[in-house]
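The values are calculated or read from the model by the stated rules, or taken from the named source; none is laboratory data. Being a predicted model, the structure only gives us computed values, none of them experimental. So basically every Cβ, Gly included, is an ideal-geometry build from the backbone, and we count neighbours across all protein chains shown. Keep in mind that these areas ignore ligands, DNA and RNA; they rest on the heavy atoms of the full protein, side chains included. Shrake-Rupley method; radii C 1.70, N 1.55, O 1.52, S 1.80 Å.
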Amino acid sequence: MNIHSPIEGKSSGDGKSPIEGKSFSLSADQAKPRKSRWRYLGWSVLPLIAIAVAYVVMRAGTPPPAAAEMPPVTVATPLQREVTEWDTYIGRFEASRAVEVRPRVSGQITELHFTDGQPVEEGAPLFTIDPRPFEATLAQARAGVAAAKSDLELAKTDLGRAERLIDSHAVSQSELDRLRARAQVAAANLAAAKAEVRAAALDVEFTTVRAPISGRVSDRRIDVGNLVSASKGADGTLLTTINSLDPIYFTFEGSEALYLKARRRGADAGSPVEIRLQDETDYNWQGALDFVDNGLNPRSGTIRARAVLDNPDLFLTPGMFGKMRLSSNGSQMALLVPDTAVQTDQAQKVLLVVADDGTVRGKPVVLGPVIDGLRVVRAGLVSNDLVVIKGVQMAFPGMQVQTEPGEITPVTREAVPLTTMSLPGEATFTR
């Protein structure tokens, strides 16, 4: 097949086109590639057109997605209460005085005058040591006194007679001096004999071992019939021990930071303290700071101190653990929120608050101690802030929430074992 395509060109100088009257011919084989190319392009575009049409149809028939529902949270303004902040310490009770009872004379125990563990008063008899050897020694000393008195009287009589004869030169001066010396020796012998009587009387008195202080006596360490020794110091036989429990001491150690804090606010001997025992929920024991050591322990960085308490019924016993609190800065108004509402954002504590438009935002805060499940907020919060107290896990800064009004109330606490307490301070509502 021949295809004629007249093409007109520019005319030459003689007025005729150089290709005028000529024709071009394309064979059938040359025309096939052009048709195949257009067919390929048509089949390629067709699926794209179909996809576009389907998308338009589906888009037109699908309703727009519903907006996400805002999560509900419970909000409340901070609780405002007057609180007293305390510094807390863990310590032990100790006897205000402790005595090891040992005999002052040696001998055999013949009587026991107390029951193990009973309270005793100062001077009460505890043991009796066989007094008969000491009574015999006392009788002998008293006889020595009588003999010394007789010698002294004779010496004084001889001296008086010689002094009357000295003027008549019947007695020499040397004889008179000898008689005077004899009288002085007799007087000294009498004084020594009286001292022996007092010593022997003391030994007889020491045969009754009495309580040197008032307090609670321990168990007997020696039974009736045993021999005891009165050696000096700790070498003597230990009979029992007595602890003075009224008043009683509470000893504790505080860190250097707490010591500085207490000193800067004026805490010293006489400052009131409160103590609670391991099974108590309230501080039922009142006392006063009694002693602070004169230096810090360089190894532990702590300082030793002591409080004193009245213990009239002897309920408190040495060795018991207790938790003591010392007022840190008096009473003041504070804002409180549930401790569960506090979140941690890296190195800072954050509370979630809701603005008027329902938007959540985080507020960095400075926290204080916990009182009945409520955390004291020292800084970063104001009294009219709406704090998220429930649903905290569903709220994030920047999101919209539905708010429900709530109320912040203290939670009654139970007794907590002292070994689980790690906070350096606490606070209480001011009564």
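Computed quantities for the displayed model
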{"item": "Breaking point among (1) closer than 30 Å to Thr137 by Cβ; (2) of a type in the set (D, E, K, R); (3) in contact with a Leu (Cβ under 8 Å, 6 or more places away or on another chain), for Glu196", "result": "(3)"}
{"item": "Test: residue in the stretch 223-243 that is closer than 21 Å to Gln286 by Cα, of a type in the set (A, V, I, L, M, F, W, C) and surrounded by 14 or more Cβ atoms within 10 Å (Cβ to Cβ)", "result": "no"}
{"item": "Of all residues in the stretch 298-313 being part of a loop (DSSP other than H, G, I, E, B) and either without any contact (Cβ under 8 Å) to a residue 12 or more places away in the chain or under 14 Å from Phe250 (Cα atoms) (or both), the one that is least open to solvent (accessible area, probe 1.4 Å)", "result": "Asn311"}
{"item": "Residues (assigned to a loop (DSSP other than H, G, I, E, B) and in contact with a Ser or Thr (Cβ under 7 Å, 6 or more places away or on another chain)) located in the stretch 118-157", "result": "Glu121, Glu122, Asp130, Pro131"}
{"item": "Condition met for Ile389 (within 27 Å of Glu82 (Cβ to Cβ), open to solvent by less than 20 Å² (accessible area, probe 1.4 Å), in contact (Cβ under 8 Å) with a residue 40 or more places away in the chain and touching a strand residue (DSSP E or B) at 6+ places or on another chain (Cβ under 6 Å))", "result": "no"}
{"item": "Check on Arg92, of a type outside the set (Val, Ile, Thr), at pLDDT 95 or above and open to solvent by 60 Å² or more (accessible area, probe 1.4 Å)", "result": "yes"}
{"item": "Per-region count, the stretch 158-173, residues open to solvent by less than 40 Å² (accessible area, probe 1.4 Å) and assigned to a helix (DSSP H, G or I)", "result": "4"}
{"item": "Test for Arg378: is it open to solvent by less than 30 Å² (accessible area, probe 1.4 Å) and either part of a strand (DSSP E or B) or at pLDDT 90 or above (or both)", "result": "no"}
{"item": "Counted residues, the stretch 261-297 - those being touching a Phe, Trp or Tyr at 6+ places or on another chain (Cβ under 6 Å), crowded, with 16+ Cβ neighbours inside 10 Å and part of a loop (DSSP other than H, G, I, E, B)", "result": "0"}
{"item": "Every pair of residues 6+ apart whose Cβ atoms lie under 7 Å, when the first sits in the stretch 130-157 and is under 17 Å from Ala199 (Cβ atoms) and of a type in the set (Gly, Ala, Ser) while the second is in a helix (DSSP H, G or I) and open to solvent by 60 Å² or more (accessible area, probe 1.4 Å)", "result": "Ala141/Glu196; Gly144/Glu196; Ala148/Asn189"}
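Yes or no, residue by residue, for (1) charged (D, E, K, R); (2) free of Cβ contacts under 8 Å to residues at least 40 places away in the same chain:
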residue	(1), (2)
Glu175	yes, yes
Arg178	yes, yes
Ala183	no, yes
Ala187	no, yes
Asp203	yes, no
Thr208	no, no
Asp219	yes, no
